[in-house]
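Below is one structure, written out as structure tokens, with a few remarks after it.
Computed from the coordinates by the stated procedures, all read-outs in this text should not be read as laboratory data. Predicted, not measured: the structure shown is a model, and the values here were computed from it. Methodologically, a virtual Cβ is constructed for each residue, glycine included, from the backbone with ideal geometry; neighbour enumeration extends over all protein chains shown.
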Amino acid sequence: MMGNLLEHMGVDRNRLHFSWISSAEATKFVDVVKEISDKVRALGTTKKFAKDYTK
Amino acid sequence: MDTCIEKIKAICTDLFSKGEVEKVIGFAGGSIPMATRPIAVTSEADVEKLVFNAFCGLNLANYVTKNNLPKDGAKIAVVAKGCDARNLVTHMVENQVPRDQVYIIGVPCTGMADKRRIAQRFEDEITQCTQDGDTFTVTSALQQEVIAKKDVLRHNCQYCTHRNPPVYDVMAGEPVEEQILDQPFPDVDHIASMDPETRWDHFAELTKNCIRCYACRNACPLCYCPTCFVDESSPQWVGKGQDETDITTFHFLRAFHCAGRCTDCGACVEACPMGINVRDFTRKLNKDALDLFGWEAGMDLDRRPPLDVYSPDDPDDFIK
């Protein structure tokens, strides 16, 4: 429901990721983080939910 | 609804004379036209102060919390519209108040009037408003108008499907007919039909006048945390100024804290001094709760809320 609300508010669903990772699954955690980082980096920067500290 | 108040008063007088309740939480007349205020009546002599009309838009469940229940286990009575009663049920389901300490005086409700919609029809300040059944006679220095209630109903009341309290101890009137809607969430569907950028702009435009007064949070019966996340300073979850990112974060998180709990009572919008329809956030969650879990908050004392329990049938296609 959180993802749906964010999407409803105009946030790109591809920037959101939900995974179930056990504390014992370190390698899965690393893999997931790498995968998401690459995916989001490819999407480029966004101004949504990003605070502009130069103001 | 006119005769309701007489019944409410009779019930309250009876409760006090039998010594069944310590106080009654209800509505009293306001100091300006089209306004009411919550009141705690503690004696039979003050029962006359109670009113009930189409401007009782706040949610009285907000005044029934763990900390203001009598410590000796005595009962308090609450005048409850459909939505107030559903929020009382939510309090009980969330173990905030015990069922046996609350006496629910159920009021069959035909909806509340939107005072902003009435004010829009006037160029100057409204000086008087009287209600006669389903019509209002509204007077200002320049004009006088007779307005039908159905034309100025609040948005959440237009789409209300639970006008009668689902749980009550006594009803102050015959139950009213419930609405059956083909499209219960046209506003949510409308936003969903926009492209993502337009949706983002819609919410930015919606909240741009927010002054972070937290009236929406304070009017909401769901917001009973001793310290709200916006007031925390260690860690500080969200900036306190009027930066648009902080405003969006506040509204998004406030809404999400109401997921599967909101009864769409409209108290948040009623309380907002800037006229922001913050229900645009919570309505999406209400729609999802209904679509994904067949859930409407506050209908049943024995069913656990969907975000409170695990079921193997829970939708999980978002977990990758």
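Tell me, rounded to the nearest percent, the portion of alpha carbon pairs in the protein assembly as shown spaced more than 37 Å apart. Tail fraction, whole percent: 27. Contact order for the stretch B:182-320, expressed relative to its length and based on alpha carbon pairs under 8 Å spaced 6+ residues apart, stands at 24 percent.
Summing -39500 (n - 2.57) over the DSSP H runs of n ≥ 4 in chain B and dividing by its residue number, what mean residue ellipticity at 222 nm do you reach, to the nearest 500 deg cm²/dmol? Each step should come with its number before you reach the end.
Details: 10 runs with 95 residues, N = 320.
My calculation for chain B gives -8500 deg cm²/dmol from helical runs alone.
The calculated Kirkwood hydrodynamic radius for chain B is 20.9 Å, given to one decimal from all distinct C-alpha pairs. Our summary of shape: the Cα atoms of the stretch B:247-320 have principal axis extents of 43, 33, 17 Å, ordered from largest down, in whole angstrom. Short-range pairs are left out: with C-alpha atoms under 8 Å and at least six residues apart, the relative contact order of chain B is 17 percent.
Take A:TYR53, B:TYR224 and order them by how many other Cβ atoms sit within 10 Å, fewest up front. Intermediate results must be reported in sequence, preceding the final value.
Details: A:TYR53 6, B:TYR224 17.
If I rank by nearby Cβ atoms, fewest first, I get A:TYR53, B:TYR224.
So, in Å, what gap is there between the alpha-carbon centers of the stretch A:18-38 and the stretch B:205-253? So the separation of the two Cα centres works out to 31 Å.
Just in chain A: which GluC sites (Glu not before Pro) are loop by DSSP and have at most 16 other Cβ atoms within 10 Å? Mind dumping the intermediate values first?
Values: sites: A:GLU7, A:GLU25, A:GLU35; in loops: A:GLU25.
Filter output for chain A: A:GLU25.
Of all lysines in the structure, the ones whose alpha carbon falls short of 25 Å from that of B:LYS66, not counting any fewer than 8 places away in one chain, are B:LYS18, B:LYS23, B:LYS75, B:LYS81.
Count the DSSP beta bridges whose two residues both fall in the protein assembly as shown, then state the antiparallel fraction as a percent rounded to the nearest 5. Before the final figure, lay out each step's value.
Details: 20 of 32 bridges.
Among the beta bridges of the protein assembly as shown, antiparallel pairing accounts for roughly 60 percent.
Computed per residue of chain A from DSSP H runs no shorter than four, each worth -39500 (n - 2.57), the mean residue ellipticity at 222 nm is -14500 deg cm²/dmol. Counted by neighbouring Cβ atoms within 10 Å, the residues B:ASP182, B:ASP314 run from fewest to most as B:ASP182, B:ASP314. The fewest-to-most ranking of B:MET34, A:MET2 by surrounding Cβ atoms within 10 Å reads A:MET2, B:MET34.
Straight-distance candidates among the lysines for linking to A:LYS51, with alpha-carbon spacing under 22 Å and chain neighbours fewer than 8 residues away dropped: A:LYS39, B:LYS208, B:LYS240.
For chain B, the longest piece that avoids every one of the GluC sites (Glu not before Pro) found in DSSP loops with at most 15 other C-beta atoms within 10 Å covers B:233-320. Between the C-alpha center of the stretch B:267-320 and that of the stretch B:37-65 there is a gap of 28 Å. Using R0 = 35 Å, the C-beta based FRET efficiency linking B:LEU301 and B:ALA204 works out to 0.30.
Please identify the trypsin sites (Lys or Arg not before Pro) of the stretch B:214-256 that satisfy two criteria: DSSP loop assignment and at most 13 other Cβ atoms within 10 Å. Which are they?
Answer by residue number: B:LYS240.
Residue by residue, the stretch B:188-200 carries 3J(HN,Hα) couplings of 5, 4, 4, 5, 5, 6, 7, 7, x, 5, 5, 5, 4 Hz when phi is fed to the Karplus relation 6.51 cos²θ - 1.76 cosθ + 1.60 (θ = phi - 60°); x denotes Gly or Pro. Each principal axis of the Cα atoms in the stretch B:182-320 has its own extent, and those three values, largest first, are 42, 37, 35 angstrom. For A:LYS48 and B:GLU177, the FRET efficiency from 1/(1 + (r/R0)^6), where r spans their Cβ atoms and R0 equals 45 Å, is about 0.55. Computed from the C-beta positions of B:GLN143 and B:ASP291, the FRET efficiency with R₀ = 45 Å rounds to 0.50.
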